[in-house]
Amino acid sequence: MDEAYPDSMIIDHVLRNGRPGSVHRGRIGLGARATGAEIAISYIVVIGQEPGPTLWINGQVHGTEVCAIVAGINFCNSLDPKTLKGCVIFTASGNPLALESRTWSTQQDFGQNLDTMFPGRPNGFVTERMADRLSREVLAVRPDLLLSMHAQGTDFESMVYGVYKLPPDCSVKPNELYRYMRCFEPFAICHQSVKPGSGEHPGNHAGALDYMALAHGIPAFMIEFGVAQRATPEQVRFGAACYGRVCAELGMLQVKGDGSKADKTWLVSARSHCNSDAGGMWQSAHNPGVLIKAGEEIGTVTDLTGVLVDTVTMPKDVLLIAIRQDPVVHTGDSVAYLAHDWTSFNFD
Ligand SMILES: [Zn+2]
């Protein structure tokens, strides 16, 4: 714990008291494990020589999604605060317990999903406490943009895509987010419904970090980037370059070298998981990103005696956002992540 500021929001304190052109590293203490080991949210704060916008990158809310963390560390370490306008805040993991246990959700309180818990509860279960502290740190700073970084699960494959949600009466309009999402070259930008029963992973999606920020008027979105439990050199370099492009788009950095951005994407207004009715071995011939026509086979499930037990099709055309790679499926498992309504979108 950063003992110098026990009673204030630490990141806000660092920003207010750090001198221009300085870099700060530390941990925000949340409590202790039974052994006495600290539970803490780690941060890097880079304060530019000149004033400017504030970008907050949260590297992880789900414990297995690690690529954006490595990219964020490398990006922050590559920044020269003397050439930066404004401040970059990087919180590596909102859920250090899940990171340590190498699990997507928090094992200590029976598999809670941190990204359904915001704004959290200060005296509640540990996942609620993590959400509470990160919420209050973010709201004290009110960054100009918050990136909530995710990765595709290990059992799926997808290309990079962006996700945003819209709280009621949200003061931030989607097209204000697109210009920053564009920096990640997303093959699709999805509007995610937070209504129960909409085919998303079960849970309270109005409790997501980016939703919490948007509900307070802070521009925020999710990027699904890389694959969980992997951080390949290519993905890490790409992620760090994308963070640099976002800074350039915010006017915080001069674009140098890799300033490329996507020209077009798909805007997805309705999507859902496709859940298997059968159990067995899943197989699909498709790659993510393709259009699958109504009635066309998405994939099959064969039981372990070799009998075909299900052929998965959809009654309308769908766009394949992600496709399952792990063949082992039980009834109810997701085999694909599908867009049901989408339009082509040119960024310029
Ligand atoms: Zn995630």
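What follows draws every value from the coordinates through simple rules; no lab data is involved. As the structure is a prediction and not an experimental result, all values here were calculated from the model. Methodologically, a virtual Cβ is constructed for each residue, glycine included, from the backbone with ideal geometry; neighbour enumeration extends over all protein chains shown.
The table for this structure:
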quantity	calculated
Proximal aspartates and glutamates to Lys261, defined as alpha-carbon separation beneath 19 angstrom and excluding residues fewer than eight positions away on the same chain	Glu176, Glu185, Glu224, Glu234, Glu249, Asp348
Among Pro122, Pro219, Pro143, residue whose mean-square fluctuation peaks in a GNM of the chain (springs only between Cα atoms under 10 Å)	Pro122
Semi-axis lengths (Å, descending) of the ellipsoid that matches the C-alpha gyration tensor of the stretch 272-341	20, 11, 10
Overall Cα dimensions of the stretch 10-262, principal axis frame, Å, largest first	45, 40, 39
Gain upon complete extension [Asn77, Ala206; 0.36 nm per residue less C-alpha separation]	43.1 nm
Pairwise centroid distance, computed over Cα atoms, of the stretch 148-200 with the stretch 100-146, Å	19
Straight-distance crosslink candidates among lysines, where the alpha carbon sits under 18 Å from Lys165 and sequence neighbours closer than 8 are dropped	Lys173, Lys195
Ordering of 301-307, 229-235, 51-57 by packing [mean C-beta count within 10 Å, highest first]	51-57, 229-235, 301-307
